[in-house]
Amino acid sequence: MTLEQGLAEFLTHLGLEKNASDKTVKSYREDLTQALSFAREHTNKPRTDPADWTTRLLRAFVAWLHGRRYAKATVARRLAAVRSFGTFLCRQGVLTENPAKSLRGPRPDKNLPHFLTADEVGALLAAPPAGHWAGRRDRAILETLYSAGVRVSELVGLNLADTDLADGVVTVRGKGRRERLALLGPDAVAAVRRWLGDRTALLRKAGKDSPAVFLNKLGTRLTTRSVGRLVAKHLRAAGLDPRTSPHTLRHSFATHLLDAGADVRGVQELLGHKSLGTTQVYTHVTTRRMRDAYRKSHPRA
C-alpha cells in the first residue's frame, strides 16, 4: 500500500467510523495532501512508500512549513493531522511505529477573540429594517447567533423540528456532529416567531417546501457565506468594526456571560466545547478587562 492509498482509507475512516464532519474531513485531506506532496518531492518518487514516512522526513516537512512562514497554529494543525494519520497507519499494520509521535509542534500564539460590547451588539441587532421580510429574517438570524452563541454552520443547519420556541430551546449539531441544546432569550424567540410568518409566505410564493428555519429568497436553505454577507451589510449600516464576523457574536455571547458571573463550565456546555481549555480563552478576555478597569479606577493601581 502506498501512503496515497492509505490517505484515501484514512479519510473514509474519519467520515464513516469517526463520524467527522465534512469540514473536518476536508481539512485533514488538505493538510495530508500537502505533506504527501512534500514527501514525493523530497524523495523524488511518484508515490510515497511507508518506508519513506520517517521522523526525519516529517521533521523536514515541519521545517519547510516554518520556512514558508506558515502561522504557528497552521503548523501545529498540520502536524496533528500527520500524527493522527500515523496512528491510523499503525493500527492498519502499514507502519510498525508512528514517526510523528516524538515531534512537537510550535505553541500557538494566544490571540484573544474579538468581541462586541453590549451596546455594539444592540446597534447591530437594530440595523436590519423591520419593514421588509429579509430584514425580519436577518434580525432573527442575528438574535439567534448572539442569544444562543451558535456557530454559523449550526445556525444554517437548523430545521423547524429542532426548534422549541415555547421553551426557548433549539437543538444544534456542532463539531463532530455532536448534538446539544442551545437557549434563546425572549427577544430572540420573538424575532424568530416573526420570521416564521414570513417564511411560510415565502415558501408558499416559491411553491416549495423546506425543513430549514432560515431561507433565502428562493425558498432554499441559507449558506454560511450568505450569512457572512448579510452580517457584513448590517455592520456597515451600524458603523461597527469591519473585523466583526458572524463568529464574533459567539465570542460576544461567551464574553458577556462570563462578565456577568456565569460559571465557565456552564458556558462550555452552552458553546459545545469539548475541552474546557477552549472556553477558558474568554476568561483571559474578562480578566484583562477587569485589570484595565482596576488600573483606571484604583487610586494605588
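The values are calculated or read from the model by the stated rules, or taken from the named source; none is laboratory data. Only a predicted model underlies this, so the values are computations on that prediction, with no experimental measurement involved. We place every Cβ from the backbone using ideal geometry, glycine too, and count neighbours over all the protein chains shown.
Test residue 39 against the criterion of being more than 30 Å from residue 151 (Cβ to Cβ), without any contact (Cβ under 8 Å) to a residue 60 or more places away in the chain and not β-branched (Val, Ile, Thr), and give yes or no. Here the answer is yes, as residue 39 does meet what is asked. Only a single item in (1) closer than 27 Å to residue 272 by Cα; (2) part of a loop (DSSP other than H, G, I, E, B) is not met by residue 98, and it is number (1). Among the residues making up region 159-174, those that are part of a helix (DSSP H, G or I) and either within 18 Å of residue 137 (Cβ to Cβ) or touching a Gly at 6+ places or on another chain (Cβ under 9 Å) (or both) are 160, 162.
All conditions in (1) surrounded by 14 or more Cβ atoms within 10 Å (Cβ to Cβ); (2) free of Cβ contacts under 8 Å to residues at least 40 places away in the same chain hold for residue 69, with the sole exception of (1). Scan region 246-281 for residues that are of a type in the set (A, V, I, L, M) and crowded, with 19+ Cβ neighbours inside 10 Å and the total you get is 7.
Does residue 243 fit the bill of being surrounded by 15 or more Cβ atoms within 10 Å (Cβ to Cβ) and either in the same structural domain as residue 126 (by TED's automatic domain parsing) or of a type in the set (Asp, Glu) (or both)? The answer is no for residue 243.
Results for (1) modelled with pLDDT under 95; (2) more than 20 Å from the chain's Cα centre (by Cα); (3) not assigned by TED's automatic domain parsing to the domain that holds residue 24, shown as yes or no for each residue.
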{"site": "134", "(1), (2), (3)": "no, yes, yes"}
{"site": "139", "(1), (2), (3)": "no, yes, yes"}
{"site": "142", "(1), (2), (3)": "no, no, yes"}
{"site": "165", "(1), (2), (3)": "no, yes, yes"}
{"site": "172", "(1), (2), (3)": "yes, no, yes"}
{"site": "200", "(1), (2), (3)": "no, yes, yes"}
{"site": "205", "(1), (2), (3)": "yes, yes, yes"}
{"site": "215", "(1), (2), (3)": "no, yes, yes"}
{"site": "227", "(1), (2), (3)": "no, no, yes"}
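Of all residues in region 67-95, count the ones that are closer than 18 Å to residue 52 by Cβ and part of a loop (DSSP other than H, G, I, E, B). Residues in region 67-95 being closer than 18 Å to residue 52 by Cβ and part of a loop (DSSP other than H, G, I, E, B): 4 in total. Within region 175-216, being buried (at least 19 other Cβ atoms within 10 Å of the Cβ) and not in a helix (DSSP H, G or I) holds for 182, 184, 213, 214, 215. Figure legend. Inter-residue proximity from region 210-223: first residues under 12 Å from residue 137 (Cβ atoms) and without any contact (Cβ under 8 Å) to a residue 12 or more places away in the chain, second residues surrounded by 13 or more Cβ atoms within 10 Å (Cβ to Cβ) and of a type in the set (Gly, Ala, Ser), beta-carbon distance below 8 Å, spacing 6+ or different chains. Indicated pairs: 216/226. Figure legend. Inter-residue proximity from region 81-101: first residues in contact (Cβ under 8 Å) with a residue 60 or more places away in the chain, second residues part of a helix (DSSP H, G or I) and surrounded by 21 or more Cβ atoms within 10 Å (Cβ to Cβ), beta-carbon distance below 7 Å, spacing 6+ or different chains. Indicated pairs: 85/10; 85/32; 88/10; 89/6; 94/6.
Scanning region 236-273 for residues that are under 18 Å from residue 183 (Cα atoms), among the charged types (D, E, K, R) and part of a loop (DSSP other than H, G, I, E, B) turns up just one, 263.
Annotation note: of 99, 113, 129, the sole residue that is of a type outside the set (Val, Ile, Thr) and closer than 30 Å to residue 258 by Cβ is 113. When each of 260, 188 is tested for being touching an Asp or Glu at 6+ places or on another chain (Cβ under 9 Å) and either of a type in the set (Gly, Ala, Ser) or not assigned by TED's automatic domain parsing to the domain that holds residue 145 (or both), the lone residue that passes is 188. Does region 161-181 contain at least one residue that is among the basic types (Lys, Arg), within 20 Å of residue 248 (Cα to Cα) and touching a residue at least 12 places away in the same chain (Cβ under 8 Å)? Yes; the residues of region 161-181 include at least one that is among the basic types (Lys, Arg), within 20 Å of residue 248 (Cα to Cα) and touching a residue at least 12 places away in the same chain (Cβ under 8 Å).
Within region 32-57, the set of residues being surrounded by 15 or more Cβ atoms within 10 Å (Cβ to Cβ), in a helix (DSSP H, G or I) and among the hydrophobic types (A, V, I, L, M, F, W, C) comprises 32, 35, 36, 38, 39, 57.
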